[in-house]
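**Q** The structure under discussion is supplied below as structure tokens; questions concerning it will follow.
The values are calculated or read from the model by the stated rules, or taken from the named source; none is laboratory data. All values reported here derive from a predicted model rather than from experimental measurement. Methodologically, a virtual Cβ is constructed for each residue, glycine included, from the backbone with ideal geometry; neighbour enumeration extends over all protein chains shown.
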Amino acid sequence: MSPAFYILLVSALLFDFLNGFHDSSNIVATPIASRAMSPRKILWLVAAAEFAGPFIFGVAVAETIGTGLTDPDKVTMPVVIAAMLAAVIWNIITWWLGIPSSSSHALVGGLVGAVAIGDGLDAIQSSGLIKVSVALFISPVLGILFGYLLMNLTLFLARGATPRINHFFKRAQLVTAVVLPLSHGANDAQKTMGVITLGLVVDGALNEFIVPTWVIALSAGMIALGTATGGWRLIKTLGGRIYKIRPVHGFVSQISGASIILGAALLGGPVSTTQVMSSSIMGAGTAERLSKVRWQVGSEMLIAWVLTIPITAILAAIFYFPLMLLLGE
């Protein structure tokens, strides 16, 4: 394998770590805010489930990222590296600002921008781009809808219950705290697998797009490590700034989020865990009363989501030219 591939590998694993670090807030914010589990205990539990996810649910998302968005025969190594660097830089910026942005949007924006400037628009698979776009933009709508409906159903079933039911919702989050990261690992870790495997094909180390076991293990391990480290700035945003989360909200939003993320992973659709969980939390809060949700926080997230793809596309285009000169391609 060429030196260029190792540059790609390092940048992809850095993105994977930051993805887990960034998205830990989406997974653990509600059980921490509702006092279902201690922060450190749940982070390590979540990390273990993250690692197991890709081995249990397959690599359909990796194939979408690696062969659905771009044509591997037309893509060059500087393009793939530029896309990864753009996504990494944007993840660091949004983490520092405490804004829950989408790592998935950052990766897609970086890939589209780098491929367009480096290999031309004909290297972008329009059918794959439509599939990815639909998954990314429909999933938060489903998050609000599922969160809203499930919260209403839960409140109906728990009508007349004593406050002791909060103990049930706290204990139930021990289960949802495993199911949600399993779905997250099955979706988000695969994005890095797809990029690394694409790099292996472009570099000539693989003749066809088949995700090697070592790539699965390395990607799953890195996102798990990032999750265990925890993005505390973002946990604070999701765990308290949208509204005061109680055990029932944590229970409902985690079931809603896990259902959407896992369903998308099995269908090969990459989704944003940030978007799905944020919208599920908002949907659960809205079911009680519309004014419960601090919509100003939601509008800040929406702005970050809208800006992510164009900004990372521009960053990737900028990174492409020096990388092309440096790598001689």
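**Q** Just one of VAL178, VAL108 is modelled with pLDDT under 85 and not hydroxyl-bearing (Ser, Thr, Tyr); which is it?
**A** On inspection, the qualifying residue turns out to be VAL178.
**Q** Take the conditions surrounded by fewer than 24 Cβ atoms within 10 Å (Cβ to Cβ) and modelled with pLDDT under 80 and apply them to SER24. Does it pass?
**A** So SER24 does not fit the description; no.
**Q** Further question: Can you confirm whether region 281-294 contains a residue that is assigned to a loop (DSSP other than H, G, I, E, B), touching a helix residue (DSSP H, G or I) at 6+ places or on another chain (Cβ under 9 Å), at pLDDT below 80 and not β-branched (Val, Ile, Thr)?
**A** Taking every residue of region 281-294 in turn, at least one turns out to be assigned to a loop (DSSP other than H, G, I, E, B), touching a helix residue (DSSP H, G or I) at 6+ places or on another chain (Cβ under 9 Å), at pLDDT below 80 and not β-branched (Val, Ile, Thr).
**Q** Please identify the pairs in which a residue from region 60-79 that is in contact (Cβ under 8 Å) with a residue 24 or more places away in the chain has its Cβ atom under 8 Å from the Cβ atom of a residue that is of a type in the set (Lys, Arg), counting only partners at least 6 apart or on another chain.
**A** VAL61/LYS191; ALA62/LYS191; THR64/LYS131; ILE65/LYS191; GLY68/LYS131
**Q** Quick one: which residue in PRO72, PRO100 is modelled with pLDDT under 85, part of a loop (DSSP other than H, G, I, E, B) and closer than 23 Å to THR213 by Cβ?
**A** Just one listed residue meets the conditions, PRO72.
**Q** Can you name every residue in region 89-111 that is crowded, with 24+ Cβ neighbours inside 10 Å and under 16 Å from PRO140 (Cβ atoms)?
**A** Within region 89-111, PRO100, SER101, SER102, SER103, SER104, HIS105, ALA106, VAL108 meet the criteria.
**Q** So, one more: From VAL115, VAL141, VAL88, grab the single residue that is part of a helix (DSSP H, G or I), closer than 27 Å to PRO72 by Cα and within 18 Å of the chain's Cα centre (by Cα).
**A** VAL88
**Q** Does any residue in region 256-276 that is polar (S, T, N, Q) come within less than 6 Å, Cβ to Cβ, of a residue that is not in a helix (DSSP H, G or I) six or more places away or on a different chain, and which pairs are these?
**A** SER272/SER102; THR274/PRO100; THR274/SER102; GLN275/SER102
**Q** Still on this model: Filter region 245-260 for residues that are under 13 Å from LEU142 (Cα atoms) and not hydroxyl-bearing (Ser, Thr, Tyr); which is surrounded by the fewest Cβ atoms within 10 Å (Cβ to Cβ)?
**A** ILE255
**Q** Which pairs have Cβ atoms under 9 Å, sit 6 or more apart or on different chains, and link a residue in region 163-174 that is more than 19 Å from VAL28 (Cβ to Cβ) to one that is of a type outside the set (Gly, Ala, Ser)?
**A** Within 9 Å, the pairs are ILE165/PRO247; ILE165/VAL248; HIS167/PRO247; PHE168/PRO247; PHE168/PHE251.
**Q** Next up: When only residues in region 136-164 that are in contact with a helix residue (DSSP H, G or I) (Cβ under 8 Å, 6 or more places away or on another chain) and modelled with pLDDT under 85 count, which is nearest to ASP71 (Cα to Cα)?
**A** The qualifying residue nearest to ASP71 (Cα to Cα) is LEU136.
**Q** Show the residue pairs that are 6+ apart or on different chains and have beta-carbon atoms under 6 Å apart, the first residue being within region 119-145 and aliphatic (A, V, I, L, M), the second being part of a helix (DSSP H, G or I).
**A** ALA123/VAL115; ILE124/VAL115; VAL132/VAL108; ALA135/ALA264; LEU142/ILE260; ILE144/SER279; ILE144/MET282; ILE144/GLY283
**Q** So which residues in region 209-242 are on the phi < 0 side of the Ramachandran plot, in a loop (DSSP other than H, G, I, E, B), surrounded by fewer than 24 Cβ atoms within 10 Å (Cβ to Cβ) and at pLDDT below 70, if there are any at all?
**A** Hits for region 209-242: nothing passes.
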